[in-house]
Amino acid sequence: MIPKQTVNMTDVARRSGVSIASVSRALRGERGVSPATRSRILSAARELAYVVSPEASRLSGGATGRVGVVVPRVDAWFYSTMLAGIAGEFDAVGVDLVLCALPDSPARHRFFETLPLRRKVDAVIVVSVPLTTREHTRLDQLGLPTVFVGGHHHRADQPWVGIDDESAAQQAVGHLLRIGHRDIAMIQAGDDGATPWATNEARIRGFHRQLGGAGIAEPIVETVEWGIDGGARGMELLLSRPQLPTAVFCHSDEIALGALRTLRRSGISVPQQISVIGVDDHPSADLADLTTVAQPVREQGRIAAGLALAHLDPERPQAAPTVTTLPTRLVIRGSTAPPR
């Protein structure tokens with residue numbers, strides 16, 4: 001049997017005078033740590049004879065060395081990237097990730113009725129799953145530290161990490177307004193009844209608020225299923241109208257990519273005849289030359305993992321739950337231009 005380490009990552013962080021997250025990044029050779037700080041951390045780790053191994057999960061003080069991560073789905077860039085950020089932090093300290101996907105209503109019902117994570121994990125991270133009052137109550141019955149990521153969480157007693165989706169939509173629409181567009185439509189993702197998209201309400205609100213502030217009322221809105229095919233269908237619906245808008249704001253880059261596909265196949269030039277903008281900065285956005293509002297998805301996962309690990313560190317004083325809102329940024333590419 002391998003003996004437990006008597007030194008953990010908290011000790012290295014304390015000796016180095018940095019955060020646990022910085023120690024994690026330095027020991028894995030990641031960016032975000034200055035050379036001087038990295039050298040200090042590595043020196044402290046050597047002095048303390050600290051090594052990263054599964055036994056390092058001792059720092060969590062948990063009974064299982066596992067953290068549950070609940071996501072609506074895994075077959076989408078946002079969730080897979082978020083999971084990569086979370087898993088990277090867990091791997092550094094030997095904590096295992098237990099994945100629970102809720103791809104449809106039956107899976108969601110089973111999860112909240114049976115609570116399969118009970119006695120199997122030390123903490124839970126919930127990624128962009130808007131919860132009903134009953135679901136919140138059931139999750140509370142696990143009696144475990146819980147961190148929420150993405151969407152909109154209003155519980156003051158639990159930490160949350162994400163972006164301001166309303167502000168992201170306003171950034172996108174604001175860009176279109178600044179370059180002269182007034183006839184701006186939106187293709188939004190609808191609730192398919194199985195997977196509620198936690199960002200919808202805020203991005204829709206941001207779209208209308210930004211246009212309302214510019215004196216534009218009752219813009220055209222098409223509601224489609226989330227994804228590239230939904231975006232293609234949404235643009236088809238806009239093209240069927242008597243007059244084409246000069247610009248379209250899409251709920252996500254996936255929807256925008258679908259919209260661009262329809263425009264390309266219809267022979268309508270972008271941005272000469274119509275501008276298109278999305279949100280997220282999906283990896284394909286650069287390839288498609290899509291203007292978008294970028295959000296730091298992987299970083300949200302890293303921060304959420306750090307919060308979960310902090311809850312499990314018996315030597316760390318527990319701070320009050322925090323709301324961590326990360327900034328978004330406008331990335332201007334070739335899919336937007338002033339209207340002709």
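The values are calculated or read from the model by the stated rules, or taken from the named source; none is laboratory data. The shown structure was predicted, so the numbers you read here are calculated from the model rather than taken from an experiment. Methodologically, a virtual Cβ is constructed for each residue, glycine included, from the backbone with ideal geometry; neighbour enumeration extends over all protein chains shown.
Just one of the listed residues (251, 282) is in contact (Cβ under 8 Å) with a residue 40 or more places away in the chain, within 23 Å of residue 180 (Cα to Cα) and buried (at least 22 other Cβ atoms within 10 Å of the Cβ), and it is 251. Among the candidates 38, 31, which residue alone is touching a helix residue (DSSP H, G or I) at 6+ places or on another chain (Cβ under 8 Å) and modelled with pLDDT of 85 or more? So the residue among 38, 31 that is touching a helix residue (DSSP H, G or I) at 6+ places or on another chain (Cβ under 8 Å) and modelled with pLDDT of 85 or more is 38.
Only one entry in 165, 104 is over 23 Å from residue 8 (Cα atoms) and modelled with pLDDT under 90, namely 104.
Residue by residue through the range 71-82, note down the ones that are part of a helix (DSSP H, G or I) and surrounded by fewer than 22 Cβ atoms within 10 Å (Cβ to Cβ). 77, 79, 80, 81, listed by residue number. Among the residues of the range 246-258, is there at least one that is at pLDDT 95 or above, among the polar types (S, T, N, Q), over 21 Å from the mean Cα position of the chain (by Cα) and farther than 25 Å from residue 281 by Cα? Scanning the range 246-258, I find no residue that is at pLDDT 95 or above, among the polar types (S, T, N, Q), over 21 Å from the mean Cα position of the chain (by Cα) and farther than 25 Å from residue 281 by Cα, so the answer is no.
Checked against (1) β-branched (Val, Ile, Thr); (2) crowded, with 23+ Cβ neighbours inside 10 Å; (3) touching a His at 6+ places or on another chain (Cβ under 7 Å), residue 246 meets all criteria but (2).
Residue-by-condition table, conditions (1) surrounded by fewer than 24 Cβ atoms within 10 Å (Cβ to Cβ); (2) assigned by TED's automatic domain parsing to the domain that holds residue 71; (3) in a helix (DSSP H, G or I):
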{"residue": "130", "(1), (2), (3)": "yes, yes, no"}
{"residue": "136", "(1), (2), (3)": "yes, yes, yes"}
{"residue": "139", "(1), (2), (3)": "yes, yes, yes"}
{"residue": "142", "(1), (2), (3)": "yes, yes, no"}
{"residue": "147", "(1), (2), (3)": "no, yes, no"}
{"residue": "151", "(1), (2), (3)": "yes, yes, no"}
{"residue": "182", "(1), (2), (3)": "yes, no, no"}
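Taken as a whole, the condition of being in a helix (DSSP H, G or I), of a type in the set (Gly, Ala, Ser), at pLDDT 95 or above and surrounded by 24 or more Cβ atoms within 10 Å (Cβ to Cβ) does not apply to residue 232. Among the residues of the range 88-116, write down those that are within 26 Å of residue 31 (Cα to Cα) and in a loop (DSSP other than H, G, I, E, B). Across the range 88-116, the qualifying residues are 94, 95. Taking the numbered list (1) surrounded by 16 or more Cβ atoms within 10 Å (Cβ to Cβ); (2) within 24 Å of residue 148 (Cα to Cα) in turn, residue 205 passes all entries but (1). Applying a threshold of 9 Å to beta carbon distances and a minimum spacing of six or more residues, or different chains, the list of pairs starting in the range 101-123 at a residue that is on the phi > 0 side of the Ramachandran plot and ending at one that is assigned to a loop (DSSP other than H, G, I, E, B) and small (Gly, Ala, Ser) reads 119/63.
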